[in-house]
Amino acid sequence: MTKMTKLIVLSVIVFSLALYPVAADEGDSAYKTPDQIKRILRDLADQNKNNAQLLNLGKTVGDRDILLIELKGSDATAPAILVAANMEGNCPLATEAAVELTELLLTEWKTDLDTHRWFIMAVGNPDGYARFFDSPTHASFVNDRPVNDDKDDATGEDGPDDLNGDGFITQMRQLHPEGGWMMVEDNPVLMKKAETDRGEDGMYRLFEEGIDNDGDGRINEDGPGGANPGRNFPHNFRHFTTTNGLWAASENESRALLRFAFDHPEIAMVLTFGRANSLREVPSGSRGVGATQDSYKVPRWMARRMGVDPDKKFPLSELVEMAKEFTGSQDITEDQVLQWLGAGAATKPNKKDTPYWEEITKRYKDFIKEAGLNGKRLDPPDFSSGAVEDWAYYQFGVPSFAVDFWTVPVKEKEEKKETGALSPDEIEKMSNEEFIELGTEKIGEFLEAAGVGAQYTPEMTIQALQGGMITTKKIAEMARKKEKKEESGGADEEDQALYDYNPDAFVIWQEYDHPTLGKVEIGGKIPYADLAPPPAEADSLVTKQLPFIRTLAGLLPQVAIEKIEIAQRSRDVWEINSWVVNEGFLPYPTHQGERCQRPTPAVVTLDRGSAALLEGKERQTVGLLDGSGGSKKVSWLLQAGRGSDITISVNGFSAGTAEQTVSLVEGGK
């Protein structure tokens, strides 16, 4: 290595360490380690004994505590909000946000504890997050569970190695006839996959920095750990991977959170702080078609028996009526029909929940704009398989929102004036239906102009839109990615954005004599550079965005008794009608919650004293209460003397309680 090269590499390291410090004692200039977080939470609990309690839900395989802090006011039965932060261990800003939220709720926002309790897990993957502070720095987020990735007699024996001693595990590139990678035009620091259909010829093979420690002919195939708890939850869990776990809830971290949630039916909302974001737009369900389609085909064996066309799709409501007629039972439900159809798991929000979600999305966008955080940035990644936010909505049945606090800013570029075909921005503003109405000719023109027509025909695109597998936003994103690739010489959009934002996030390639590969070059993206902003920016980003988390808490359902009518039907016989109302914005339960039968619906209880019950039930559920004033009527017929007192109460479990006492006289209240 030349003296000049050494100086360049050293300067890169110095700049990078300044941007992404990991030392534990640098105060506000560094992210806090799991041990520091533990001390902070313990101190907050000790200093606020009436309002805070630090709970230990168990141990990780790496013998780290799985901590959750409970914040409460005077009402120990108040509905609660569960915050799960940094479940994948790769998002330091999520942990910082959880800690700051805890501090705010114990100081400036303390009055909020009078109406809601909070359960906050600041580090959902303690083992994985501890790796963020390891030296050398390596982007690995799995816990410490031993996994024999290469199926030999040892575990964790062939992990990465910091060959050039710069403190980072980056990449190695090797000139090779089998290489499928090449340098980006005019920027040799960045690499791109060669596009052979455009005449590009790959030159390099890429490897993670390291050597063949166990002599099996492969490099870094069996590193330390583990499984990622953030991908280990039951809904949409993906089997047969190296990092998701052997089965859903196989990991101590995910299992502890699941057990805690089911032990606390008062949890009314789950918020996930991480890298995904379901507040920017309603999730489209693009991961596949499940039990949330508009219409379905009847299996052929069933279609033959029912005398219907097996190739035709029917609305679910029509299929329910067909099933009632076929079986002779009038109690057939939509859920039963979906089971018969084998529709599988729901993959996009229930249609009846969507209007609420869309309104929250609108308010979030307005909030972000007002906070001055609406600058262009990379889109957050889609939900991972087995994500806690999916489980919380689709199986736990409560409103569930994921929020990210940062992605790499995108350098603003001058908009190109389009002639003829529609622009990606115009497409994104359209609904799926509006895009389809353009017709195959105009859709084809757009796809061709956007450079994605080779992969997608207009007919394929329309079918994907109708089936819920894609949205106009996704189509616009594909077009923009193609456009940006061409503008940047083909660089990956994420790498190009990171380089534009911070060139020092990449180590300049340097030669190295590898023991088995021979001559290689080591360099590339610094681990975590695209996952965490410089710590100096963290506090501002979190402080500006947490007020919307407080806003979300104010949208929760709240049951109340709106009106009681009393009518005397004969001398000692009284008819009582009472209306239970949901005064909150969100429904109780969610419509998806009604499908998965949790949380428990609101229960109305009558304490009739000495009155005789002639009609009605002393305890009855009221079913789903729509948000913003949704109500249900409950009635009784009682026999009692004039002036007798009765008490009507409603318990919403995770939607609060209400109670009213009235005397049996004409009118009510």
Members of the stretch 244-256 found to be within 21 Å of the chain's Cα centre (by Cα) and in a loop (DSSP other than H, G, I, E, B), listed by number = N244, G245, W247, A248, A249, S250, E251
request  = Would you be able to tell me the number of residues in the stretch 199-242 that are in the same structural domain as G165 (by TED's automatic domain parsing) and of a type in the set (V, I, T)?
outcome  = 2
Verdict on A560 being hydrophobic (A, V, I, L, M, F, W, C), buried (at least 18 other Cβ atoms within 10 Å of the Cβ) and in contact with a Pro (Cβ under 8 Å, 6 or more places away or on another chain) = no
Strands (runs of 3 or more DSSP E) wholly inside the stretch 609-654 that include at least 3 residues being within 42 Å of the chain's Cα centre (by Cα) and of a type outside the set (V, I, T) = 631-639
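Anything in the stretch 591-604 that is farther than 11 Å from S635 by Cα and touching a strand residue (DSSP E or B) at 6+ places or on another chain (Cβ under 9 Å)? List them, or say none.
Passing the criteria: P599, T600, P601, A602, V603.
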query = Going by the structure shown, is G58 in a strand (DSSP E or B), assigned by TED's automatic domain parsing to the domain that holds V123 and of a type in the set (G, A, S)?
reply = yes
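Is it true that some residue in the stretch 512-521 is within 30 Å of L638 (Cα to Cα), free of Cβ contacts under 8 Å to residues at least 24 places away in the same chain and of a type in the set (D, E, K, R)?
Looking for residues that are within 30 Å of L638 (Cα to Cα), free of Cβ contacts under 8 Å to residues at least 24 places away in the same chain and of a type in the set (D, E, K, R), one finds none in the stretch 512-521, hence no.
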request  = Taking only the stretch 89-107 into account, find how many residues are surrounded by fewer than 24 Cβ atoms within 10 Å (Cβ to Cβ) and farther than 15 Å from A52 by Cα.
outcome  = 1
task = Look through the stretch 385-414, keep the residues that are small (G, A, S) and surrounded by fewer than 24 Cβ atoms within 10 Å (Cβ to Cβ), and return whichever of them is farthest from the chain's Cα centre (by Cα).
result = G397
request  = Count, please, the residues in the stretch 617-634 that happen to be in contact with a Ser or Thr (Cβ under 8 Å, 6 or more places away or on another chain), more than 15 Å from T600 (Cα to Cα) and either surrounded by 13 or more Cβ atoms within 10 Å (Cβ to Cβ) or in contact (Cβ under 8 Å) with a residue 24 or more places away in the chain (or both).
outcome  = 2
inquiry  = Of everything in the stretch 202-226, what is over 30 Å from the mean Cα position of the chain (by Cα) and at pLDDT 90 or above? Give them in sequence order.
reply    = G202, M203, Y204, R205, L206, F207, E209, G210, I211
Filter result for D504 (modelled with pLDDT of 70 or more, under 28 Å from the mean Cα position of the chain (by Cα) and on the phi < 0 side of the Ramachandran plot) = no
message = So I120 passes all but one of these: (1) within 15 Å of K38 (Cβ to Cβ); (2) part of a helix (DSSP H, G or I). Which condition number does it fail?
response = (2)
request  = Could you grab me the full set of residues in the stretch 360-377 that are within 23 Å of V398 (Cβ to Cβ) and either over 20 Å from the mean Cα position of the chain (by Cα) or free of Cβ contacts under 8 Å to residues at least 40 places away in the same chain (or both)?
outcome  = K362
note = Among strands (runs of 3 or more DSSP E) completely within the stretch 176-243, the ones holding 2 or more residues that are touching a residue at least 60 places away in the same chain (Cβ under 8 Å), within 19 Å of K525 (Cβ to Cβ) and aliphatic (A, V, I, L, M) are 187-193
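Conditions (1) of a type in the set (A, V, I, L, M, F, W, C); (2) modelled with pLDDT of 95 or more, marked per residue:
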{"residue": "C596", "(1), (2)": "yes, no"}
{"residue": "P599", "(1), (2)": "no, no"}
{"residue": "V603", "(1), (2)": "yes, yes"}
{"residue": "E615", "(1), (2)": "no, yes"}
{"residue": "A640", "(1), (2)": "yes, yes"}
{"residue": "K669", "(1), (2)": "no, no"}
inquiry  = Being out of contact with any Ser or Thr (no Cβ under 8 Å at 6 or more places or on another chain), modelled with pLDDT under 85, surrounded by 15 or more Cβ atoms within 10 Å (Cβ to Cβ) and more than 20 Å from Q466 (Cβ to Cβ) is the requirement here; does V308 meet it?
reply    = yes
ask   = Of all residues in the stretch 227-255, which are surrounded by fewer than 23 Cβ atoms within 10 Å (Cβ to Cβ), under 28 Å from D353 (Cβ atoms), in contact with a Lys or Arg (Cβ under 9 Å, 6 or more places away or on another chain) and at pLDDT 95 or above?
value = A249
request  = May I ask you to verify whether D492 is surrounded by fewer than 17 Cβ atoms within 10 Å (Cβ to Cβ) and either among the acidic types (D, E) or modelled with pLDDT of 80 or more (or both)?
outcome  = no
key: Filter result for L614 (closer than 11 Å to G652 by Cβ, touching a residue at least 24 places away in the same chain (Cβ under 8 Å) and either in contact with a strand residue (DSSP E or B) (Cβ under 6 Å, 6 or more places away or on another chain) or among the hydroxyl-bearing types (S, T, Y) (or both))   = no
ask   = Does any residue of the stretch 72-81 turn out to be touching a Pro at 6+ places or on another chain (Cβ under 9 Å), crowded, with 21+ Cβ neighbours inside 10 Å and not in a helix (DSSP H, G or I)?
value = yes
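The values are calculated or read from the model by the stated rules, or taken from the named source; none is laboratory data. Worth saying up front: this structure is predicted, and the values here are computed from it rather than measured. So basically every Cβ, Gly included, is an ideal-geometry build from the backbone, and we count neighbours across all protein chains shown.
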